[in-house]
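Here the structure comes first, spelled out in C-alpha cells, and everything after it is commentary.
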Amino acid sequence: MDFNQYLRLIPDYPKQGIVFQDITTLLGNSEVFHAAVQRVADHYRDKGITKVVGIESRGFILGAAVAYELGVGLVPMRKKGKLPWKTYSLEYSLEYGTDTIEIHQDALSATDRALITDDIIATGGTAYASLELVRKFNIPADNIFICFLLDIHDVPGKEKELLKKHGYFSLI
C-alpha cells in the first residue's frame, strides 16, 4: 500500500517555509490506518516489546493503536507540565524552536523493552530527546526501539546513528 497518497501537505505551517505533512487524512481512513498500525506492529512483533511510549501528541495515536495490537501497555511522553506525577524532563531543539518533554519517573523499569512512537521525524530533535528520557530508566540500548509513520528529512550525524542503534523504522 502506498501510504504517501493519504498525506495532506500544508505549506507555511506552523510558520513560513515549513511544509507540514498532515497525517489526519491517513488516520481518517479506517482501512489505511489499520494497515499502517498492522505494518508497524508486525515490524516489532518479535522484539518482545513490553511498553509503547507515545510522544505527544500524534505519537499517542500511533502508540496507542500499536500497544493495543501488541497487547502491551502505553506510556505517554508529554509536553512540560502535562503529567501529574514526578517526571524526568528534557528540553530540546525543533526545526522551528525549542520544546520540553516529560515522562513519569515510574513509567518504565530497567527490565522493559520499550518502543517509542511518533508521527513524523524531521530534524531528529524530538526523537533524540525521547531516547535520552527513556535511557534514564537504565534500559539496555538493545531493548529500546523507535518508529515513525513518516520520515520527512535526512536526520543528521549523531542523531541518525543513535536512531539506527535503536532499531529505527519509518513506515513512509
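No value in this document is a laboratory result; all are computed from the given coordinates. These numbers were taken from a predicted model, which means no experiment stands behind them. Here the Cβ positions follow ideal geometry from the backbone for every residue, glycine too, while neighbour counts run over all protein chains shown.
Return the percentage of antiparallel bridges among DSSP beta bridges fully within the chain, rounded to the nearest 5 %.
Details: 14 of 32 bridges.
The antiparallel proportion sits near 45 percent.
For S93 and A64 in one chain, what is 0.36 nm times their gap in residues minus the Cα-Cα distance, to one decimal in nm? Let's see the in-between values first.
On the way: separation 29, 0.36 × 29 = 10.44 nm, distance 2.54 nm.
Taking 0.36 nm per residue and subtracting the Cα distance, the gain is 7.9 nm.
Using amide H atoms built in the peptide plane, which far-off residues or other-chain residues are under 5 Å from H166 H to H?
The answer is none.
Going by how many other beta carbons lie within 10 Å of each one, how would you line up S30, S170, S57, fewest first? Walk me through the numbers on the way to the answer.
Details: S30 8, S170 16, S57 13.
The fewest-first ordering by Cβ neighbours comes to S30, S57, S170.
Sort F3, F148 so the one with the fewest other Cβ atoms within 10 Å of its own Cβ comes first. Please report the intermediate quantities before stating the final value.
Working: F3 17, F148 25.
Lowest count first: F3, F148.
Among [x] 17.6; [y] 16.2; [z] 19.0, find the value of Kirkwood radius over Cα pairs in Å that was calculated from the structure presented, and write down its label.
For Kirkwood radius over Cα pairs in Å, the calculated option is [y].
Run the numbers for Q38 and D2: contour at 0.36 nm per residue of separation, minus the present Cα-Cα distance, in nm. Walk me through the intermediate numbers first.
Numbers: separation 36, 0.36 × 36 = 12.96 nm, distance 1.43 nm.
Extra length available between Q38 and D2 comes to 11.5 nm.
Hey, what number do you get for the chain at 222 nm if only DSSP H runs of n ≥ 4 count, each worth -39500 (n - 2.57), divided across all residues, to the nearest 500? Don't jump to the answer; show the numbers that get you there.
Details: 5 runs with 52 residues, N = 172.
The per-residue figure over the chain is -9000 deg cm²/dmol.
Return the aspartates and glutamates within reach of K47: Cα separation strictly under 17 angstrom, same-chain partners fewer than 8 residues apart disregarded; answer none if there are no such residues.
Result set, ordered by chain and number: E69, D112, D142.
For V53, what residues show an amide H to amide H distance below 5 Å, using hydrogens built from the backbone and excluding near sequence neighbours?
Excluding prolines and chain starts, which carry no amide H, the hits are V75, L115, I116, T117.
For a quick check, take a GNM of the chain with Cα springs below 10 Å and name the residue from P84, P11, P76 with the largest mean-square fluctuation.
P84
Read phi for every residue in the range 133-146 and hand back ³J(HN,Hα) as whole Hz from Karplus 6.51 cos²θ - 1.76 cosθ + 1.60, θ = phi - 60°, with x for Gly and Pro.
Values, residue by residue: 5, 5, 5, 5, 8, 6, 6, x, 3, 6, 10, 10, 10, 9 Hz.
Using the Karplus curve 6.51 cos²θ - 1.76 cosθ + 1.60 with θ = phi - 60°, work out ³J(HN,Hα) for each residue of the range 116-125 in order, rounded to whole Hz, and write x for Gly and Pro.
Residue by residue, the range 116-125 yields 8, 10, 8, 6, 9, 10, 10, 8, x, x Hz.
Please go through the residue pairs K51/K136; K15/K165; K51/K86; K86/K165; K80/K165; K15/K82 and name each one whose alpha carbons sit more than 21 Å apart in this structure.
K15/K165; K86/K165; K80/K165; K15/K82
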